[in-house]
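Computed from the coordinates by the stated procedures, all read-outs in this text should not be read as laboratory data. Small disclaimer: the values here were computed from a predicted structure and weren't measured. As a convention, Cβ positions derive from the backbone with ideal geometry for all residues, glycine included, and neighbour counts pool all protein chains shown.
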């Protein structure tokens, strides 16, 4: 089917149309009998309808009675779907032109197969009445989705209501299905409602034009108790073709108890078998813990307008801001060079004209502030700074909430490798960097944690617990970072010279050498792993990181 939707339509409706081969595979798995009724709840340009019509015909059935669809965009219906329906002798009334969230399952006969590709609309544009009615629908199913959930989650849940007992669902789903916090109740719901579930992930992206990794979800036996949940990573769609058989199963079993765990995630189940076995073994080792057991991970301070509330040395001097109202700060995590941020680093930034001072004003009446500060605040008002969201909701608007400097930082947006950085300079940091505040400074020195986090186990765990973004970036939310595995720092021994060498490697853009050194000191020296085991972790890290970075090439070519 020719893809003729405009970019504006794609963005508005989250419509990224599926290839014919993917649609044929999903439909071929889901539609098994000549009299199966099939529904595509977001049929777009009709690739699933076409595959369903062909499949039912091959099974000697009548497509005109069994193939149905729902499409929100009347332009797409008239332009593309009407000709397709006529070609396959499917009545036009078999396709409803409406918002899927306005369609009630109780008003339709049940279907044996629901197939398709739900709209990938993120929470920023999934809003207003559409979001309210979607969230209301899923609450009626006993699932409470947060308002930050993207549309596909509610769409997928609503789609299950249209299935007959024992029915099958075959859908394209985004990678968020395996890691997003709001996806966990969706996964758990499916585990309660389907007897067997298989999830296929791919190294080669199914939608090269979409900056989003996607998976294929195959669920059968609707209404039955879940007996199997399997996952497998394939290189490409051709590899799935060779094993996709309704009579067989593919992939590795996922423990059903873990799916009911509110912190359970699926990403680590896609690791190669040998790697996952070693990863799980180390995660259960008493000498390994989660970062959250050692420290509190949170965002840095939020100003509401970084450009206004941060000053360079020259700006502060020209404005005559008293030094008592200035605090040393780190505006951007991208300017951290090593695993240690020193006073010399801060001075170098200051002398290079960086905005290294936070305007830290107390909670007092403006009249109590000195004239130079009042003049600068008046300028801010003329620019509308006081109307910015964070400024408008705090009183007084100019007083930025901030605590004391954290012992360490986490570079949570990473193109290469995330780092825990010892804050030797004692500076404050904005929310471009996570603060890692150690629970017990008596037992844990910050630099030990910085070194420990460079080993292959912690780096791999950060990839597993975090999630990839467009452009190949890895993002770690505070809750995700808190789950990252760390060898207990109180077990580690190293010299100051070794830490300085590690810092030198990172500053020299030789993260590979830093990881080699950390693996030797941490994994071999403290855990007693042999080099073969360390190589399994290192190879896995390389593979996972290479897969994430594929987004860079794709993003730059689009």
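For the stretch 352-410, what class follows from the C-alpha gyration tensor (a ≥ b ≥ c being the square roots of its eigenvalues): rounded when a/c is under 1.5, otherwise prolate if a/b is larger than b/c, else oblate? Working shown, then result.
Details: a/c = 1.65, a/b = 1.48, b/c = 1.11.
It comes out prolate by the Cα gyration axes.
Please identify which residues in the stretch 418-440 have an amide N closer than 14 Å to a label point set 7 Å out from the Cα of residue 469, following the Cα→Cβ vector.
Flagged as within label range: 418, 431-434.
Using a Förster radius of 22 Å, what is the FRET efficiency between residue 108 and residue 136 based on their Cβ-Cβ separation? Nearest 0.05, please. Don't skip to the answer; put the middle values down first.
Numbers: r = 19 Å, r/R0 = 0.87.
Efficiency at R0 = 22 Å is approximately 0.70.
Report the gain in length on full extension from residue 196 to residue 530: 0.36 nm times residue separation, minus Cα-Cα distance, nm rounded to one decimal. Working shown, then result.
On the way: separation 334, 0.36 × 334 = 120.24 nm, distance 3.87 nm.
Using 0.36 nm per residue and subtracting the Cα-Cα distance, I get 116.4 nm.
Relative to the longest principal axis of the C-alpha atoms of the chain, give the angle of the C-alpha long axis of helix 456-465, reported between 0 and 90° and rounded to the nearest 10°.
50
Could you check what % of the DSSP bridge pairs in the stretch 98-228 are antiparallel, to the nearest 5?
On the way: 12 of 18 bridges.
Antiparallel bridges: around 65 percent, rounded to the nearest 5.
How do 517, 502, 413 rank when sorted from fewest to most other Cβ atoms within 10 Å of their own Cβ? List each step's numbers first, then the result.
On the way: 517 20, 502 24, 413 17.
Least to most surrounded, the residues fall as 413, 517, 502.
Which percentage, to the nearest 5, of the DSSP beta bridges contained in the stretch 7-270 is antiparallel?
Values: 14 of 34 bridges.
In the stretch 7-270, approximately 40 percent of DSSP beta bridges are antiparallel ones.
When 152, 29 are ordered from fewest to most other Cβ atoms inside 10 Å of their Cβ, what list results? Working shown, then result.
Values: 152 25, 29 21.
Exposure proxy ranking, most exposed first: 29, 152.
Starting with the fewest neighbours, write out 324, 151 ranked by other beta-carbon atoms found within 10 Å of each beta-carbon. Show your work: numbers first, answer last.
Details: 324 9, 151 24.
Going from least to most buried by this count: 324, 151.
Using a/c under 1.5 as the rounded threshold, could you call the stretch 7-270 rounded, prolate or oblate? The axes a ≥ b ≥ c are square roots of the C-alpha gyration tensor eigenvalues, and prolate needs a/b larger than b/c, oblate otherwise. Don't skip to the answer; put the middle values down first.
Working: a/c = 1.41, a/b = 1.17, b/c = 1.20.
It is rounded, given that a/c, with a ≥ b ≥ c, falls under 1.5.
Roughly what % of DSSP beta bridges within the chain run antiparallel, to the nearest 5?
On the way: 37 of 61 bridges.
Restricted to the chain, the bridges split so that about 60 percent are antiparallel.
Computed from the coordinates I sent, Rg and Dmax of the Cα atoms in Å equals one of (i) 27.9, 94; (ii) 27.1, 86; (iii) 35.7, 153. Tell me the label.
Given (i) 27.9, 94; (ii) 27.1, 86; (iii) 35.7, 153, the calculated one carries the label (ii).
Nearest 0.05, what FRET efficiency do residue 437 and residue 97 give at R0 = 51 Å with Cβ-Cβ as r?
Values: r = 54 Å, r/R0 = 1.07.
Working from the Cβ atoms, E equals 0.40.
For the stretch 122-238, just say rounded, prolate or oblate: build the C-alpha gyration tensor, square-root its eigenvalues into a ≥ b ≥ c, call rounded for a/c under 1.5, and beyond that prolate if a/b exceeds b/c, oblate if not. Before the final figure, lay out each step's value.
On the way: a/c = 2.03, a/b = 1.09, b/c = 1.85.
In terms of gyration-tensor shape, oblate.
Just to confirm the number: angle between the C-alpha axis of helix 531-557 and the first principal axis of the chain, 0 to 90 degrees, nearest 10?
80
To test your reading of the geometry: what angle, between 0 and 90 degrees and rounded to tens, separates the Cα axis of helix 496-507 from the longest principal axis of the chain?
Its long axis makes an angle of about 50 degrees.
In nm, to one decimal, how far is the modelled label at residue 82 from the one at residue 539, with both set 7 Å along Cα→Cβ?
5.8
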